[in-house]
1. Among the residues that make up the stretch 304-316, is at least one of them in a strand (DSSP E or B) and not small (Gly, Ala, Ser)?
2. Can you confirm whether the stretch 189-196 contains a residue that is in a strand (DSSP E or B) and modelled with pLDDT of 95 or more?
3. What number of residues within the stretch 64-119 are closer than 30 Å to residue 378 by Cα, within 16 Å of the ligand (Cβ to nearest atom) and either open to solvent by 10 Å² or more (accessible area, probe 1.4 Å) or assigned to a strand (DSSP E or B) (or both)?
4. Return only the number of the condition from (1) out of contact with any strand residue (DSSP E or B) (no Cβ under 7 Å at 6 or more places or on another chain); (2) not in a helix (DSSP H, G or I) that residue 420 does not satisfy.
5. Return the residues of the stretch 449-485 that are farther than 18 Å from residue 412 by Cα, assigned to a helix (DSSP H, G or I) and open to solvent by 90 Å² or more (accessible area, probe 1.4 Å); say none if nothing qualifies.
6. Does any residue of the stretch 33-44 turn out to be of a type in the set (S, T, N, Q) and either touching a residue at least 12 places away in the same chain (Cβ under 8 Å) or open to solvent by less than 10 Å² (accessible area, probe 1.4 Å) (or both)?
7. Can you work out which of the residues in the stretch 120-158 that are small (Gly, Ala, Ser) and touching a helix residue (DSSP H, G or I) at 6+ places or on another chain (Cβ under 9 Å) is nearest to the ligand (Cβ to nearest atom)?
8. Taking the conditions exactly as written (away from the ligand (no atom under 16 Å from the Cβ) and exposed (fewer than 15 other Cβ atoms within 10 Å of the Cβ)), does residue 280 satisfy them or not?
Amino acid sequence: MKNYFLFLCLVFLAACNAPRMVTAPRSEPVDFIVLQLNDVYEIAPLEGGKAGGLARVATVRQELLNENSNVITVLAGDFLSPSFLGTMKIDNENGEREKIAGLQMVETLNAMGLDYVTFGNHEFDISDPALLEKRIAQSDFAWTVCNVNYVGENGGERAFLQGDKPVPPYIVHPITAGGQTIRLGILGVVLPFTQMPYLSYKDVNESFRQTLAELKPVSDLQLAITHNNLDEDIELAEKVPGVPLFLGGHEHANLSRYVGSTIITKADANAKTVYIHRVRFDPATGMTNVRSELKTIDDTIAEESKTKAVVDKWLGQVYGLMTDMGYDAEHVVMEMDEPLVCKEHLIRTSQTNYGQLTMASIARAFPGADLYALNSGSMRLDDNLFNTVTEYDVLRTFPYGGEFVTLEMPGDVVSKLLQTGMKTNYGEGGYLQLLGNNADGTSLNGAAIVPTQTYKVVMPAFMAAGNEANLGFLKDYLKDEPVATVKIEGKTVKNDLRDLVIDYMLTL
Ligand SMILES: [Zn+2]
């Protein structure tokens, strides 16, 4: 069992933060703790119960509260989406069917005792802004962001709302210790990645600079919650110095970087680790000292009962839905040494091992075709799988499932499909995972594509119906309805991406 402890130390001399007045008669150093999570999509432990789990994080938080009553728990974006549960609908309080869309996360994080979040790009996966604002309103924790606004259909722009209050560009959190109070300023920022008609982004660096300038006069020290690429975080820390700690997200593997007087930290996704920052601020000198510890969340940590009750309620929902669909959530279908790669930016720009495994599953069900293609947007996990794969993992990878069809088309259309899928759609959901090394667009399985020759191509019915970006021309070649089942080695298997993958994984 890997159990890694990393200590980072930073003494931040606030050159631009001259010693300032605090609302206290004495001036002793003030200690507080920041508990940091980022990129959490799963409320329950993963990897067969070994890794992560928000009820365990709640226990860690309770232990920290025993150490110091000033614990601030922060999640640096990406938690309302994606998840298998998020795509499902349940009855809401008015008895109407409503997408779950992160409600399971909000309820669990409320129970866990989260204090502050900023938006991640995946919060904007929710296409209905009213539903997003409903989830924000249902949060007991406060949202903050300085560089994105809501735009209405009439073009009117305003801050997102948390209930009847605007989501502020920064928050001032008072910390009282030893009879004195200091004011901790927290500002949030999100990379302008997800495009939605209801979003208006401002420049990350400029918004951050302006907001920090507004925050400094009303606070004694400042921390940032940043949901950026690491490169963007580094650039931000270089261009806008003066914040000792960026509580970062978006990357899913833990990391830390020093950039000038700023330390950037990111924990592992799905709370497999959390960062614990012990901060000492000296009001007399304006000095901030940060000691950071990366803590592994695993089965050696007990589950806090109040949070666990909420997790169990939602797991009952997941398992119930999966049972109704004919799946066994906890059934382990595969074990592996290497992680299966399905991080969104990788699956949409490269042929990953999980993509290849998926394509092999399809080829096994539909043998004898010239080409097998899958739109990468079918693989929604935005994470890598470690150690074991359960049926639940397969469903959260492919929440939409879908049938496959065989199309016959001339070679010039095959070339167009490959060129569009690999080049035009690079970085998008319409980027193709292909079986074998067929990515160059001019040859198939080592032989040049003959423009007039007819080829058999297997693809999702969704793509064949012309629904994928820039691939609408495929529908001219769709002749047959998808078959309901396929025969694989004498066994009847449902013609659904999830069933085909599970059946193949069981043979490995
Ligand atoms: Zn992200």
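1. Looking for residues that are in a strand (DSSP E or B) and not small (Gly, Ala, Ser), one finds none in the stretch 304-316, hence no.
2. yes
3. 6
4. (2)
5. 462
6. yes
7. Looking at residues that are small (Gly, Ala, Ser) and touching a helix residue (DSSP H, G or I) at 6+ places or on another chain (Cβ under 9 Å), I get 139.
8. Yes: the conditions hold for residue 280.
The values are calculated or read from the model by the stated rules, or taken from the named source; none is laboratory data. Keep in mind it's a predicted model, so treat the numbers as computed, not measured. All Cβ positions, even for glycine, are placed from backbone atoms using ideal geometry, and neighbour counts span all protein chains on display. Side chains included, ligands, DNA and RNA excluded: accessible areas come from the protein's heavy atoms. Shrake-Rupley method; radii C 1.70, N 1.55, O 1.52, S 1.80 Å.
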